[in-house]
Amino acid sequence: MPTPEGEQECIPVRSNDDVVRARQLVRSLAQRCKLSLVDQTKLVTAASELARNTLVYGGGGVMRTGLVRRDMRLGVAAVFEDNGPGIADVDLALTDGWTSGSGLGLGLSGARRLVDDFVLDTEVGRGTLVSVIKWAR
């Protein structure tokens, strides 16, 4: 696992306002990490989708984020965690176009494509944890 660089920030994800705060915090860290504008946009989009999933499907939860270092590389990590119902069929949930709600079905699969590292840990009845990292180039 990458080594944290400085402090990690944790914010609740309980409302649409929290989703906006999560997006703003990730954007700020991406700028500090000197990600390109394109990579900033990719990371912020992924974080926004994952925060919204945490709220809508997980019933709310938390986002932990911070700068990370692996070897000589610096990146931004964001972890979204909820105690919701979990995901029964992970392969299906990661399929482009599939949705359990009224969305476009691009949340998890889209987020996975937008970041460099993507880890999904879920179990029915236990909740879901999604961890993502975008590395500076």
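Observations, loosely collected:
- Taken over region 49-72, the criterion of being within 24 Å of ALA88 (Cβ to Cβ) and either part of a loop (DSSP other than H, G, I, E, B) or free of Cβ contacts under 8 Å to residues at least 40 places away in the same chain (or both) is satisfied by ALA51, TYR57, GLY58, GLY59, GLY60.
- Of the criteria (1) modelled with pLDDT under 95; (2) surrounded by fewer than 22 Cβ atoms within 10 Å (Cβ to Cβ); (3) more than 22 Å from SER28 (Cα to Cα); (4) of a type outside the set (Gly, Ala, Ser), which one ARG137 fails: (3)
Residue-by-condition table, conditions (1) surrounded by fewer than 19 Cβ atoms within 10 Å (Cβ to Cβ); (2) in contact with a strand residue (DSSP E or B) (Cβ under 6 Å, 6 or more places away or on another chain); (3) within 16 Å of ARG137 (Cβ to Cβ):
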position: ILE11; (1), (2), (3): yes, yes, no
position: ASP17; (1), (2), (3): yes, no, no
position: VAL20; (1), (2), (3): yes, no, no
position: GLN31; (1), (2), (3): yes, no, yes
position: LEU43; (1), (2), (3): no, yes, yes
position: ALA47; (1), (2), (3): no, yes, no
position: GLY61; (1), (2), (3): no, yes, no
position: VAL68; (1), (2), (3): no, yes, yes
position: ASN83; (1), (2), (3): yes, yes, no
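- Extreme residue, nearest to ARG69 (Cα to Cα), among residues of region 1-56 that are acidic (Asp, Glu) and either at pLDDT 95 or above or touching an Asp or Glu at 6+ places or on another chain (Cβ under 9 Å) (or both): ASP39
- Yes/no for ARG126 being at pLDDT 90 or above, more than 14 Å from the chain's Cα centre (by Cα) and closer than 19 Å to LEU29 by Cβ: no
The values are calculated or read from the model by the stated rules, or taken from the named source; none is laboratory data. Just so it is clear, the structure is predicted and the values come from calculations on it, not from any experiment. Glycine gets a Cβ as well: all are built from the backbone with ideal geometry, and neighbour counts include every protein chain shown.
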